[in-house]
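S.K.: Take this structure first; my questions come after.
The values are calculated or read from the model by the stated rules, or taken from the named source; none is laboratory data. Worth saying up front: this structure is predicted, and the values here are computed from it rather than measured. We place every Cβ from the backbone using ideal geometry, glycine too, and count neighbours over all the protein chains shown. Remember, those area values only see protein heavy atoms, side chains included, never the ligands or the DNA or RNA. Shrake-Rupley method; radii C 1.70, N 1.55, O 1.52, S 1.80 Å.
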Amino acid sequence: MATTSSASPPLSALYSPAITIVDQNNASTISTVHQDIIETHIFTRLDGPTLASASCASTHLHALASQENLWTNICHSTWPSTTSSRVRHVISNFHNGPRSFFSDAFPLAIEPVSFGNSSENPPDLPSEIISAVDIYYKKELIFSKVVETETVSAWFKCSPFRVDLLDPKEAVSTRIPNPDKDDTCRYLEEDMELSWIMIDPIGKRAMNLSSQRPVNVHRHWLSGEVQVKFASVVGGGGIGVATELVQCGVVVTCGGSAKGEMHVREVSLQLEDMDGMYLNGKESLVMLTRGMAGKRGRGKKRESERKKEVEEFLERKRERKERKMRREGTLDTLCVAFGVSAFASSLLFLLFR
């Protein structure tokens, strides 16, 4: 959404002095606006999607909207975690710098690239991945962190994949009120936003794994801690297998404090398949690489689209579980029938021999 400023220049200042407006019916084209005015007073007030739309209007605007400083400022204002020196350096190596990074990280990844059978023809996997995470509550930044994860060790490849941004005893204070009432969970669902950008510094690709707004919020009945879950769905593991769809789940755990405000005590990421099993490091890396290399959707309605994807994943997961239970029930019935038949045959043999 485009933003405005209270110190906007008068309308006449947006036009070149050489232009004379004859009457109200003669509309001046954008090319008549002075280049400095467009760069400093118009483009600097646009957000990423609006600036991208403006760049498609003409070759002149495309050239002006492609300046690196515009997209650098947009990335920093949209995701404060990108201001870290490590992420800034990685973004500078993208094909078109911050503009390419924004086009990767802002929209949905709706169609992962196909590598065929990943076990036989795996993609080139990065030697490390970077997580750039920002959490907002009522549009105010409450948490921002960048974490680098190595991906080449045997421990990473074989262990369950999990990225933790906080140590077990670490907590971050916030202005979120302690949930004395059930309404607070509803407020968190409405007012909390999260962005988790996964970056491949070697392949120069990125992907936002968050639903932006929570897909589920619940409070633990005993501890009183509130778990806020964000999620997205990555596909491409093969039709009919458990990894055909994989859910990237981000959990934010908030606990109360003596001052009556909540502390963020956990921010973690895991990948879950349709059997409810968490993927190991290598499997997760393959799925993330597919997602980062896949086609992107439009940025509009991305919250509702992500929520719809998660609902579809949960429905597919439920159907798969029901089919598995029916198969197991059928096998149990066959085993019982076989056992009864074997017992009856043995009994008849003993009676009539």
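S.K.: If you go through the stretch 231-286, how many residues are more than 18 Å from the chain's Cα centre (by Cα) and in a strand (DSSP E or B)?
M.R.: Number of matching residues: 9.
S.K.: So Thr151 passes all but one of these: (1) surrounded by 15 or more Cβ atoms within 10 Å (Cβ to Cβ); (2) modelled with pLDDT under 90; (3) over 30 Å from Met192 (Cα atoms). Which condition number does it fail?
M.R.: Of (1) surrounded by 15 or more Cβ atoms within 10 Å (Cβ to Cβ); (2) modelled with pLDDT under 90; (3) over 30 Å from Met192 (Cα atoms), only one is false for Thr151: (2).
S.K.: Restricting attention to the stretch 122-143, does a residue exist that is in a loop (DSSP other than H, G, I, E, B), under 17 Å from the mean Cα position of the chain (by Cα) and modelled with pLDDT under 95?
M.R.: Scanning the stretch 122-143, I find no residue that is in a loop (DSSP other than H, G, I, E, B), under 17 Å from the mean Cα position of the chain (by Cα) and modelled with pLDDT under 95, so the answer is no.
S.K.: State whether one or more residues within the stretch 219-232 are in contact with a strand residue (DSSP E or B) (Cβ under 8 Å, 6 or more places away or on another chain), of a type in the set (Phe, Trp, Tyr) and assigned by the TED database to the domain that holds Lys308.
M.R.: For the stretch 219-232, residues in contact with a strand residue (DSSP E or B) (Cβ under 8 Å, 6 or more places away or on another chain), of a type in the set (Phe, Trp, Tyr) and assigned by the TED database to the domain that holds Lys308: present.
S.K.: Take the residues in the stretch 54-79 that are among the hydroxyl-bearing types (Ser, Thr, Tyr) and under 18 Å from Phe101 (Cβ atoms); name whichever of them is most open to solvent (accessible area, probe 1.4 Å).
M.R.: The qualifying residue most open to solvent (accessible area, probe 1.4 Å) is Ser77.
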